[in-house]
Every structure is written in C-alpha cells, then in structure tokens.
Amino acid sequence: MGMFGGIMRKGSVLHMIIWMNPVSSLLLLGSLALTLGCPPVPGAINVARYGEASQDSDHYFPNNPKASARNAIDGVKYVNYDRGSCTHTTGLNRPWWRLNLKNIYKISSVILLNRGDCCAARLLGAQIRIGNSPYNDNPVCGQVTNVQDLTLTFCCYGMEGQYVSVVIPGRNEKLTLCEVEVYGYMIGDQPIWNSFQAAG
C-alpha cells in the first residue's frame, strides 16, 4: 500500500491535493483532518474486505442456510436476510461477530448495515470494539443506541487494533449484520496527509 496507507486511490480527493499549490493544499488538508474520523473520505478503502470473519454461532434455516460470518464482508449490501448476504447467530448470551484484519490498523471509522426486512431492534446495545485481543474484550469505539437508520457509522479516530468486534452484552440475542465496513490504514504505512506535511 506504500505511502498512501490503504486509505485512498488514484483519482480520489486526497490524490488530487498533491497537484494543488502548497497554500491551497494545506488549507484543504486541514479541513479534511477535522472530519477524517467519519464518514470515510472519497476513495477510502474498506479494509474489512481483506480480513477474516467469525461469529459465536451460525443460525441454520432449512430454506436458507446462508448465515455465516463472512456474509458481513462480502461487499454485497442486501438488507433482506432471504437474499443470503447477512449474518445470523443462534441467540446465545452476549453474541459476537469478529473481524481479524490480520495486521494492526489505525481505524478511522466502522460502518454497520443493519437488517432491513425485520428485527432491526435486535442490534440495540451492540458495541463496536477495536484492539489486539481476540477475545472481544477490547476498548469500545461506539455503541448502537438508535436503529432508525439501517446504516450506522461510528467514528473511531485512529483507534489501533487487529480485531474489530460487534458484541451485544448482557442478554441473549440473535446478532445479524448485513455488511460491516472498516476504514483506516495499516500501522507502518504512512497516510497521505502525514507524507505531505513531512515533505513540506
């Protein structure tokens, strides 16, 4: 990923900043820095697609057995469970879904896509946790307090970790996620705004 740190592509807003005059570039970079946490900047890469997903259990329906954890990172945003692109656990206590990014990332934002055909309230109270422990006990980036919108964005402002978990604490519940997106850059890579300032 090099100097772009996995958060931008050629042709994105940040890429175009390089070709602006220095004063305009610094002003625009400062503006972007204030809002970097969320939503993702144009051209940002969803690093969840390159990870491995797991969950506490897979619910099995005879007419639709597709409930696996990897459905949440397949890039498909169907919100009707019957379309076969959402996760579904069996209803255990403190259900969880976990993403292993395979490397440590600084994470700017996490976006959850809730189920749309029913049962949206099941996600209330879910915590988004980020860190290096594989046991779902990492620091909390945010918590679901409202499910009026299906797309839920959480600003994590550079929290570091290899694992991103969604955990519903304190009750038995069925956990369903129709997509999870994670934006940030790998530790050791240098984001574009830092590279620009260092060069200046």
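Restricting to the stretch 99-143, name every residue that is touching a helix residue (DSSP H, G or I) at 6+ places or on another chain (Cβ under 9 Å) and among the acidic types (Asp, Glu).
Hit for the stretch 99-143 is Asp117, nothing else.
Hey, among Arg115, Arg98, which residue is over 18 Å from Gln162 (Cα atoms), basic (Lys, Arg) and either modelled with pLDDT of 85 or more or in a helix (DSSP H, G or I) (or both)?
Arg115
Output the qualifying pairs, or none if there are none: Cβ atoms under 9 angstrom, residues six or more apart or on different chains, first residue in the stretch 92-120 and among the polar types (S, T, N, Q), second residue open to solvent by 50 Å² or more (accessible area, probe 1.4 Å) and in a loop (DSSP other than H, G, I, E, B).
Partner pairs satisfying both residue conditions: Asn93/Gly170; Asn93/Arg171; Asn103/Gly188; Ser109/Pro39; Asn114/Asp149; Asn114/Leu150.
Picking from Asn114, Asn93, Asn136, which residue would you name as being open to solvent by 30 Å² or more (accessible area, probe 1.4 Å) and either under 17 Å from the mean Cα position of the chain (by Cα) or more than 22 Å from Pro39 (Cβ to Cβ) (or both)?
Asn93
Does the stretch 65-77 contain any residue that is part of a loop (DSSP other than H, G, I, E, B), out of contact with any strand residue (DSSP E or B) (no Cβ under 9 Å at 6 or more places or on another chain), open to solvent by less than 70 Å² (accessible area, probe 1.4 Å) and of a type in the set (Ser, Thr, Tyr)?
no
Which residues, counting only those in the stretch 139-149, are open to solvent by 20 Å² or more (accessible area, probe 1.4 Å) and in a loop (DSSP other than H, G, I, E, B)?
Correct list: Pro139, Thr145, Asn146, Val147, Gln148, Asp149.
So in the stretch 118-133, with the set limited to residues that are touching a Leu at 6+ places or on another chain (Cβ under 9 Å) and outside any strand (DSSP E or B), which one is surrounded by the fewest Cβ atoms within 10 Å (Cβ to Cβ)?
Ala120
Just the residues that are touching a Leu at 6+ places or on another chain (Cβ under 7 Å), aliphatic (A, V, I, L, M) and open to solvent by less than 50 Å² (accessible area, probe 1.4 Å), please, taken from the stretch 150-181.
Hits for the stretch 150-181 are Leu152, Val164, Val166, Ile168, Leu177, Val180.
Taking Arg98, is it out of contact with any Phe, Trp or Tyr (no Cβ under 9 Å at 6 or more places or on another chain) and either surrounded by 14 or more Cβ atoms within 10 Å (Cβ to Cβ) or of a type in the set (Val, Ile, Thr) (or both)?
Considered against the rule, which asks whether it is out of contact with any Phe, Trp or Tyr (no Cβ under 9 Å at 6 or more places or on another chain) and either surrounded by 14 or more Cβ atoms within 10 Å (Cβ to Cβ) or of a type in the set (Val, Ile, Thr) (or both), Arg98 comes out as no.
The values are calculated or read from the model by the stated rules, or taken from the named source; none is laboratory data. Since the structure is predicted, the reported quantities are computational estimates derived from the model, not experimental observations. Every residue, glycine as well, gets a Cβ built from its backbone with ideal geometry; the counts of neighbours run over all protein chains shown. What goes into the accessible areas is simple: the full protein's heavy atoms, side chains included, and nothing from ligands, DNA or RNA. Shrake-Rupley method; radii C 1.70, N 1.55, O 1.52, S 1.80 Å.
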